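Comments concern the structure below.
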Amino acid sequence: ETGVTQSPTHLIKTRGQQVTLRCSSQSGHNTVSWYQQALGQGPQFIFQYYREEENGRGNFPPRFSGLQFPNYSSELNVNALELDDSALYLCASSSPWGATYNEQFFGPGTRLTVL
Amino acid sequence: KQEVTQIPAALSVPEGENLVLNCSFTDSAIYNLQWFRQDPGKGLTSLLLIQSSQREQTSGRLNASLDKSSGRSTLYIAASQPGDSATYLCAVLARETSGSRLTFGEGTQLTVNP
């Protein structure tokens, strides 16, 4: 059973650019959530995808968008990058609601630096 | 709005000491609580999950308790080792009208000195 994987591991962009981050969920998991973790802080919920639809969103502007594919992998897209978008972006996958106590399994993260 | 607080923010102990990390949350309508470990610049490793109906969970030298009514959880680490040095994060899972989300505390940075 493979765990949650994310790519790339590191990324450097300049202000105003666009970025796409990728996540492959753990085998058997159909729900993917994305979190942003600024340095020294706890992760903040961005949004969740279930069956290819957005299924809940945190307090993030519309320039943060996502996709989920039929194989349950997911993308996080950020447009018009700002300096404050510099953070570790974490992806978590989980089983269908009610299975395995909804334990969340996290990937290694993508470190995004915006200059 | 759910808020999660972790105390202390940082802790430095000598090897072999038993220690307790504290987590409190404001809304008791949670589905479960997870404790995670995070090494610098890395992702989160799940340590223990406690369902809302449970009082505690144990794994090796780790024991986590949950008192949902008072909004508190503790993570007990026995016989600490230098390899335990990391940031420990507490998170509560709530089901919402649409989906579910984890709300995290800001973590306790633990250093275990040889």
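Here are the numbers:
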item	result
Hits in the stretch A:1-25 - residues which are assigned to a strand (DSSP E or B) and of a type outside the set (S, T, N, Q)	A:H10, A:L11, A:I12, A:K13, A:V19, A:L21, A:R22, A:C23
Check on B:Q51, among the polar types (S, T, N, Q) and either within 18 Å of B:S24 (Cα to Cα) or out of contact with any strand residue (DSSP E or B) (no Cβ under 7 Å at 6 or more places or on another chain) (or both)	yes
Residue list for the stretch B:61-112, restricted to those being more than 14 Å from chain A (Cβ to nearest Cβ), outside any strand (DSSP E or B) and of a type in the set (D, E)	B:D84
Given (1) more than 20 Å from A:P8 (Cβ to Cβ); (2) more than 9 Å from chain B (Cβ to nearest Cβ); (3) polar (S, T, N, Q), index of the condition A:N102 fails	(2)
Residue that is surrounded by the fewest Cβ atoms within 10 Å (Cβ to Cβ), among those in the stretch B:35-49 that are among the aliphatic types (A, V, I, L, M) and at the interface with chain A (Cβ under 9 Å from one of its Cβ atoms)	B:L49
Cβ pairs under 6 Å, 6+ apart, first in the stretch A:1-28 and without any contact (Cβ under 8 Å) to a residue 24 or more places away in the chain, second surrounded by 13 or more Cβ atoms within 10 Å (Cβ to Cβ)	none
Subset of the stretch B:1-34 (residues that are surrounded by fewer than 20 Cβ atoms within 10 Å (Cβ to Cβ) and within 14 Å of chain A (Cβ to nearest Cβ))	B:K1, B:Q2, B:E3, B:T5, B:I7, B:A9, B:A10, B:S24, B:Y31
Residue list for the stretch A:66-94, filter: hydroxyl-bearing (S, T, Y) and touching a Phe, Trp or Tyr at 6+ places or on another chain (Cβ under 9 Å)	A:Y72, A:S74, A:Y89, A:S93, A:S94
Matching option when the condition is outside any strand (DSSP E or B) and at positive phi, among A:G56, A:G42, A:G28	A:G28
From the options A:S25, A:S73, A:S86, residue that is of a type outside the set (D, E, K, R), under 24 Å from B:A91 (Cβ atoms), touching a strand residue (DSSP E or B) at 6+ places or on another chain (Cβ under 6 Å) and crowded, with 21+ Cβ neighbours inside 10 Å	A:S25
Residue, farthest from A:E103 (Cα to Cα), within the stretch A:22-68, restricted to residues that are among the charged types (D, E, K, R) and over 10 Å from the mean Cα position of the chain (by Cα)	A:R63
Near pairs, Cβ below 6 angstrom, 6+ apart or cross-chain, from the stretch A:30-56 (without any contact (Cβ under 8 Å) to a residue 40 or more places away in the chain and facing chain B (nearest Cβ under 10 Å)) to any residue that is surrounded by 23 or more Cβ atoms within 10 Å (Cβ to Cβ) and polar (S, T, N, Q)	A:Q48/A:S33; A:Y49/A:S74; A:Y50/A:T31; A:N55/A:Q48; A:G56/A:Q48
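Just so you know, all these numbers are worked out from the coordinates, no wet-lab data involved. Because the structure is a prediction, the values reported are computed rather than measured. Because the Cβ atoms are built from the backbone with ideal geometry, glycine has one as well, and the counts that use them run over all protein chains shown.
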